[in-house]
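The structure under discussion appears below in the form of structure tokens.
The values are calculated or read from the model by the stated rules, or taken from the named source; none is laboratory data. These numbers come from a predicted model, not from an experiment. Virtual Cβ from ideal backbone geometry, glycine too; neighbours counted across all protein chains shown. In case anyone asks, the SASA skips ligands and DNA or RNA and just uses the protein heavy atoms, side chains included. Shrake-Rupley method; radii C 1.70, N 1.55, O 1.52, S 1.80 Å.
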Amino acid sequence: MFTGFDFDVIARSLPYLSQGMLFSLGLTVLSMIGGIVLGTVLALMRLAPFRVLHLPASGYVNLLRSTPLILVIFWFYFLVPLAMKRLSGDAYATGIGPFYSALIAFTLFEAAYYCEIIRAGIQSVPRGQVHAAFALGLTYGQAMRRVILPQAFRNMVPILLTQGIILFQDTSLVYVVGLTDFMGAASKIAQRDGRLVEMYLFAALIYFILCFLASYVVKRLQLRYSVGR
Amino acid sequence: MNFARPAFVLLAAAAIALPAAAQEGTLKKIKDTGVIKIGHRDASIPFSYLDDKQQPIGYGVDICLKIADAIKAELKLPKLKVEFVPVTSQTRIPILTGGNIDIECGSTTNSVERQKQVAFAPTYFMTGTKIIVKKSAGIKRYEDLKGKTVVFTAGTTNERAMKAYNDAKKLGINFIPSKDHAESFLAVETGRAVAFPMDDILLYSLRASAKNPADYAIIGEFLSDDPYGIMMRKDDPTFKKLVDATVTRLYKSGEINKIYAKWFQAPIPPKGINLGFPMSDALKALIKNPNDKGVEACGKMKC
Amino acid sequence: MDFSVFFQPAFSGGGTYLDWVLSGIQWTLLVSILGWVIAFTVGSVLGVLRTTQRVVLRAPATLYVEVFRNVPLLVQMFIWYFVLPEIVPRALGDWMKTQMPMPEFWNAVLCLGFYTASRVAEQVRSGIQSIPRGQTYAGLAMGLTQPQVYRHVLLPMGYRIIIPPLTSEFLTIFKNSSVALTIGVLELTAQARQISEYTFRTFEVFTVATVVYVLITLTVTVAMRALEGKVRVPGYLGPAGR
């Protein structure tokens, strides 16, 4: 079936592909961290009893969750540099570069999803814990930091990681603005050498192996964390 | 990665900063950062494309590297880092105006329409829209495309030329967009589309690197004229002056002939194909009288 | 901001840019809804298979879910469009590339459908598994066969329970349909991109596209809420009852 196919093209382009993979992994890890931090802030805002806090947060989360990631990437890739230029008043403001444009887009996009996971995680902590913390004389901030969030995050770790795996798959979409992530590298070689079948199957295989292994690890973690509940 | 280097360049640049002739705009930015960001294409052979080590190379890239040298000399920088950023037909203008690249070296048609957004260096190549077809498809003229599928690279002048022709002649062509020239050509190669309208020089190079070049024909009258220029931000006279002067110097000194021969009349990476494409009269005239007029302000195949 | 751009005559095709937007919306809806039909059907079958006792049925379903869930949608899109025609028998491959009507559209529908099926399957499985065992035993005790238990007991309950997560998958398919632009489907996001290129009114055009996606989300959410209310099981707490 695969006669006439040239799997040697993969060996020849391994260095370039690994560079692309580093880009993908870097983008994944950094936007995951950024997304979780921003997502926690958003989640706390959404749970706050003040309208000025929860309305903007809810609006943001619902807006981002209704918009396709590709459109969000376009928004940030094309408009953020222009907005920055206007804001800074410097017509020649240094662009933040493609990697950081993508990083900002993914962080802001993922934050909306992480927010919902974290909100559910916080709500899963029994109310008694909050009351107990207040009864002990802790302030709101202390109660969150020392009592609620540590428990919430413990419950959430598997879901946060699963979302991270989805994020890793989603980074392939930077293809639409021509960046060289793993998929971008694969498709550039595929098209230059006319080797689409080999490269795309190889890309699928690599993504599958990485994501499958990661999911397996997450599943093990989940089992460990659910002990004693 | 060496993090100390940019800091050193910054210090060095600051130490020798010229008190008079304060640079502004892009030049100032390059001076402050010690980096010039050059936008390149993935598959605009032989203007701007990736070689087998995935490094951007080509006729346009070579000229841009000359420009980088000139900037380095002008700013008296001990070292100027060249950073390549990949762009596509769709992303090149927003990325340039947004500041993520300082200059684009590819196969961009200089048009008055685009001059509302960006500026161009003197034209460095003259080409125009034709179509590539498989010989077996039996397409001899544009009229034969009636009701057929045509692939185009999104964001190109060729897309507009073909669509305008389709509207004028009511051919009812079914258009499919693609991201870059390699992908478009692939659509013709695999039979998904019968034709691909593109600047003829790019079609010749795509055909030359195809598996079976003899299978393809490049046909038709020019549907549009496409003078290529190096693209930079608008309203930055000091930068444009330096870029223009560099290009003009290459033209006057005859250095351009060597660069031209290297890419159009000698074997080029990655496959060692020789395009064998002698310099056109239109380009010779442009080298004699460099100008950055947009295509609307030019005559038929001359500027 | 200047939204009058949508009423300008479009560069090509005779209409205005608003017509381009409308045509984009139409393709987005078509790809998503047809994709959902496949996803729901295939996903339901797979979900049921994953809950059966027989390994020969369960294993292929599990394999399917793992493969389709762990490869990015973009890669799957390319495999459907670029790779499949090259590895199937030659005649079929040629047909897919040249004779097949609207190949990019149908490839996008199939890809999106089979991709989303793996996610629907997981929801259906968890829905069925959340139903107390007793109901299955009660069904069997009443003399129902295994398929009848699924048909009359497990599925009617299971589907009701998973309406909220299914709603979320249904919403996701509209957003994921934008990936179809990578193989040349001129859906809403692609049209927005194209119009911004012709008019340089990027901000206005992206704003309109975003608003349309929000409206699609709102409509689907309201419709699914109504459905949920209509089919709820009296006396049940939680999603199925309330």
* Summed for both chains, how many Å² of accessible area, to the nearest 100, are buried between A and C with a 1.4 Å probe? -> 3000
* Asked: Any idea how far the Cα center of segment A:127-182 sits from the one of segment B:108-160, in Å?
  -> 50
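Counting each DSSP H run of 4 or more residues in chain C as -39500 (n - 2.57), what helix-only mean residue ellipticity at 222 nm follows after dividing by all residues, to the nearest 500 deg cm²/dmol? Walk me through the intermediate numbers first.
Working: 12 runs with 167 residues, N = 242.
Taking each H run of at least 4 residues, the total per residue is -22000 deg cm²/dmol.
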* Structure fact -> Residue-normalised value, i.e. accessible area per residue, for chain A at 1.4 Å probe, in Å², stands at 47
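Kindly compute the accessible surface that chains A and B hide from a 1.4 Å probe when together, both sides summed, and give it to the nearest 100 Å².
Details: alone 13280 and 13830 Å², together 24730 Å².
In total, this chain pair buries about 2400 Å².
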* **Euclidean distance of C-alpha centroids, segment C:53-70 and segment B:188-221, integer Å** => 44
* Asked: So, counting K/R as plus one and D/E as minus one, what does the shell of residues with Cβ under 11 Å around residue B:259 add up to?
  -> +1
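With the cut-off at 1.5 for a/c, could you classify segment B:129-226 from its C-alpha gyration tensor as rounded, prolate or oblate? Walk me through the numbers on the way to the answer.
Numbers: a/c = 1.45, a/b = 1.28, b/c = 1.13.
Taking the square roots of the gyration eigenvalues as a ≥ b ≥ c, segment B:129-226 is rounded.
Normalised by the number of residues in chain B, what is the relative contact order in percent for Cα pairs under 8 Å and 6+ residues apart? Mind showing how you got there, number by number?
Working: 556 pairs, mean separation 72.8, N = 303.
The value is 24 percent.
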* Classify segment B:151-303 as rounded, prolate or oblate from the Cα gyration tensor: take a ≥ b ≥ c as the square roots of its eigenvalues, call it rounded if a/c is under 1.5, otherwise prolate when a/b beats b/c and oblate if not. => oblate
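Roughly how big is segment A:1-145's charge dipole about its Cα centre, with Cβ charges of +1 (Lys, Arg) and -1 (Asp, Glu), in debye to the nearest 20? Show your work: numbers first, answer last.
Details: 9 positive and 5 negative charges, 127 e Å.
Approximately 620 debye in magnitude.
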* Dipole axis of the protein assembly as shown (+1 Lys, Arg; -1 Asp, Glu on Cβ), positive-most option in A:133, C:64, B:112 -> A:133
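How do B:89, C:23 rank by accessible surface area computed with a 1.4 Å probe, from largest to smallest? Provide the component values of the computation, followed by the final result.
Details: B:89 10, C:23 35 Å².
The most accessible residue leads, giving C:23, B:89.
So what's the protein assembly as shown giving for Rg/Rh, alpha carbon basis, Kirkwood Rh from the mean inverse pair distance?
Values: Rg = 28.6 Å, Rh = 28.6 Å.
That ratio equals 1.00.
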* Structure fact -> The answer for the net charge of residues other than residue A:113 whose Cβ lies under 12 angstrom from its Cβ, with Lys and Arg +1 and Asp and Glu -1, is 0
* **Projected label distance in nm at residue C:223 and residue A:63, using a 7 Å step from Cα toward the beta-carbon** => 2.6
* In Å, what Rg and Dmax follow from the Cα atoms of chain C? -> 21.5, 69
* Considering only protein heavy atoms and a 1.4 Å probe, what is the carbon-and-sulfur percentage of the accessible area of chain A? -> 68
* Structure fact -> From the Cα centre of segment A:14-80 to that of segment C:175-230, the distance in Å is 19
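Give me the percent of the accessible area of segment B:150-303 that comes from carbon and sulfur atoms, probe 1.4 Å, all protein chains in place. Provide the component values of the computation, followed by the final result.
Details: 3390 of 6080 Å².
The nonpolar share, carbon plus sulfur, comes to 56 percent.
Using a probe of 1.4 angstrom, how much of the accessible area of segment B:31-116 is carbon and sulfur, in percent? Don't skip to the answer; put the middle values down first.
Working: 1230 of 2410 Å².
Carbon and sulfur together cover 51 percent of it.
Tell me the volume per residue, in Å³, of the convex hull enclosing the alpha carbons of chain B.
Details: hull volume 40.1 nm³, N = 303.
Spread over its residues, the Cα hull of chain B gives 132 Å³ apiece.
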* Structure fact -> If each K or R counts +1 and each D or E counts -1, the residues other than residue B:297 whose Cβ falls under 12 Å of its Cβ total -2
* Taking the Cα-to-Cβ direction at residue A:50 and at residue A:224 and moving 7 Å from each Cα, how far apart do the two end points lie in nm? -> 4.0
* To do: Using the structure shown, list the pairs from B:241/B:284; A:85/B:130; A:85/B:240; B:53/B:293; A:188/B:76 with a Cα-Cα distance above 28 Å, or answer none.
  => A:85/B:130; B:53/B:293; A:188/B:76
* Values of log10 I(q)/I(0), in the order q = 0.07 Å⁻¹, for chain A under a Debye, Cα-only, solvent-free model -> -0.31
* Structure fact -> Losing no less than 50 Å² of accessible area (probe 1.4 Å) relative to the isolated chain, the residues of segment A:194-222 are A:196, A:197, A:200, A:208
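What is the percent of Cα-Cα separations in segment A:159-204 that go past 12 Å? Provide the component values of the computation, followed by the final result.
Numbers: 642 of 1035 pairs.
Here the tail beyond 12 Å accounts for 62 percent of pairs.
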* Could you give the accessible area per residue of segment B:140-223, probe 1.4 Å, as a whole number in Å²? -> 35
